[in-house]
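Below you'll find the structure, written out as structure tokens, and then a few comments.
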Amino acid sequence: MSRDRIRIADPAAIDEAAALLRDCALVAFPTETVFGLGADAQCDEAVARIFAAKGRPAFNPLIVHVADWATARQVGALPAPLLRAAEAFWPGPLTIVTALVPGAPVCQRATAGLSTVALRWPSHAVAQSLIRAAGVPVVAPSANRSGYVSAVTAAHVAEDLGDRVAMILDDRQPSPVGVESTIVTLDPAREGALIILRPGAVTAEALAARTGFGVINSCTANTAAPRREGPQPSQPMAPGQLESHYAPGAEVRLEVLAPAADEVLLWLGPAPAPAGAAATLVLSPEGDLTAAAHQLFVLLREADAMCKAGHSNAQRIAVGPVPNTGLGVAINDRLRRAAAPR
Ligand code: TXA
Ligand code: MG
């Protein structure tokens, strides 16, 4: 692993990182959800380098990160329900998918040529300082190899992409939320309602309560589920929501109550973990879903490393049940994709 690109995110490093972005270089930076692999949204060459660095398919568009309303409005339309959602949760772990404003400072490659754009205003202090210092909208996918477990520490980014980024800004702690932002858009089937394309820290209940609009979850709804199985349509509602994603090297088995001797068990309390696994990693001893989300990718990567090293003969990952409420919806979404056939 090449860790020499990691820099503590002090003001001098943030200024250097901003200059690198303006020079069309790639900079990884912490956000409250996961680390992002950032580039100037206008720079086609830099955006092409993001796709190449991650091994990301060109049809999968990027999220444009902003740090003020004026830039947000330059990039995406803000019709009433989406504006209400943005006002309630920005800055924070919410991404809205909306119509791209003609002439927006975003290159075509970033949106995969779509007429819509994903827009987010992160709350993390380093992310905000970087975007403001760069003075440009910043596209940033999660800073991991495409299809692999997302990165929530600077060391994770270095492991995955170390020599492919100019700088990795480090705030010395794992991303506070630990799973990606909630992605929401207008529900095409119901006027004035919202549909969640990717569950995240902002739950459907919270969105409905704070906006007053109806909200459904595309991964639990029958009508609008864009991504369950079969061939991918050419313009899916959430092009990145491929079935296999967040996948560690080791095989993953879900809803496990009786782990095998060759499995590393990821377990959510408060019930004690069942015996029999090669090793057990606890997501949250109290069964707290916020804590579990914070630990999810850290422990998935740790379990994967144990399997790779053959620690206590571990070969596979087993995960105990996680309740499908609140943040548990996002955790289960990531786990399902991590366990999906590759
Ligand atoms: O928390 C996050 O959102 C992190 C941090 C770094 O901000 N970013 C992130 O980016 O998760 P990424 O690229 O890993 O996931 C972005 C998702 C993909 O599933 C992509 O398909 C979807 O957003 N997306 C982007 N533009 C879209 C669009 N116009 N319509 C529908 N989905 C879109
Ligand atoms: Mg990602």
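The values are calculated or read from the model by the stated rules, or taken from the named source; none is laboratory data. None of these values were measured; they are calculated from a predicted model. All Cβ positions, glycine included, derive from the backbone under ideal geometry; neighbour counts span all protein chains shown.
Determine, yes or no, whether residue 158 is surrounded by fewer than 24 Cβ atoms within 10 Å (Cβ to Cβ), hydrophobic (A, V, I, L, M, F, W, C) and not in a loop (DSSP other than H, G, I, E, B).
Numbers: surrounded by fewer than 24 Cβ atoms within 10 Å (Cβ to Cβ): yes; hydrophobic (A, V, I, L, M, F, W, C): yes; not in a loop (DSSP other than H, G, I, E, B): yes.
Taking the combined requirement at face value, the residue satisfies it.
Being closer than 16 Å to residue 133 by Cβ and among the aromatic types (Phe, Trp, Tyr) is the requirement here; does residue 59 meet it?
On the way: closer than 16 Å to residue 133 by Cβ: no; among the aromatic types (Phe, Trp, Tyr): yes.
Taking the combined requirement at face value, the residue does not satisfy it.
How many residues are under 22 Å from residue 109 (Cα atoms) and either at pLDDT below 90 or in contact with an Asp or Glu (Cβ under 7 Å, 6 or more places away or on another chain) (or both) when one looks only at segment 197-250?
Keep residues of segment 197-250 that are under 22 Å from residue 109 (Cα atoms), which gives 197-198, 232-242, 245.
Retained after the next criterion (residues that are either at pLDDT below 90 or in contact with an Asp or Glu (Cβ under 7 Å, 6 or more places away or on another chain) (or both)): 198, 232-242, 245.
The total comes to 13.
So the check is Cβ under 8 Å with 6+ separation or different chains; which pairs have a first residue in segment 9-36 that's more than 21 Å from residue 201 (Cα to Cα) and more than 16 Å from ligand 2 (Cβ to nearest atom) and a second one that's among the acidic types (Asp, Glu) and modelled with pLDDT of 95 or more?
9/170; 9/171; 21/40; 22/40; 24/40; 24/45
Do we have residue 88 as part of a helix (DSSP H, G or I) and touching a residue at least 60 places away in the same chain (Cβ under 8 Å) here?
Details: part of a helix (DSSP H, G or I): yes; touching a residue at least 60 places away in the same chain (Cβ under 8 Å): yes.
Spelling it out, residue 88 is indeed part of a helix (DSSP H, G or I) and touching a residue at least 60 places away in the same chain (Cβ under 8 Å).
Residues that are outside any strand (DSSP E or B), crowded, with 23+ Cβ neighbours inside 10 Å, within 16 Å of ligand 2 (Cβ to nearest atom) and at negative phi: does segment 186-198 have at least one?
No, because not a single residue in segment 186-198 is outside any strand (DSSP E or B), crowded, with 23+ Cβ neighbours inside 10 Å, within 16 Å of ligand 2 (Cβ to nearest atom) and at negative phi.
Tell me, which residue of segment 87-129 that is farther than 15 Å from residue 36 by Cβ and more than 14 Å from ligand 1 (Cβ to nearest atom) is surrounded by the most Cβ atoms within 10 Å (Cβ to Cβ)?
88
What is the residue count in segment 139-171 for residues that are over 18 Å from residue 302 (Cα atoms), away from ligand 2 (no atom under 11 Å from the Cβ) and touching a helix residue (DSSP H, G or I) at 6+ places or on another chain (Cβ under 9 Å)?
9
Of the residues 218, 181, which single one is under 21 Å from residue 301 (Cβ atoms) and either buried (at least 23 other Cβ atoms within 10 Å of the Cβ) or without any contact (Cβ under 8 Å) to a residue 12 or more places away in the chain (or both)? Give the steps one after another, and end with the answer.
Values: 218 fails: under 21 Å from residue 301 (Cβ atoms).
Within the list 218, 181, the selection yields 181.
Filter segment 111-124 for residues that are of a type in the set (Gly, Ala, Ser) and touching a residue at least 24 places away in the same chain (Cβ under 8 Å); which is farthest from ligand 2 (Cβ to nearest atom)? Working first, answer last.
Step one: list which residues in segment 111-124 are of a type in the set (Gly, Ala, Ser), which gives 112-113, 115, 118, 123.
Remaining after also requiring touching a residue at least 24 places away in the same chain (Cβ under 8 Å): 112, 118, 123.
Values: 112: 14, 118: 12, 123: 19 Å.
The selected residue is 123.
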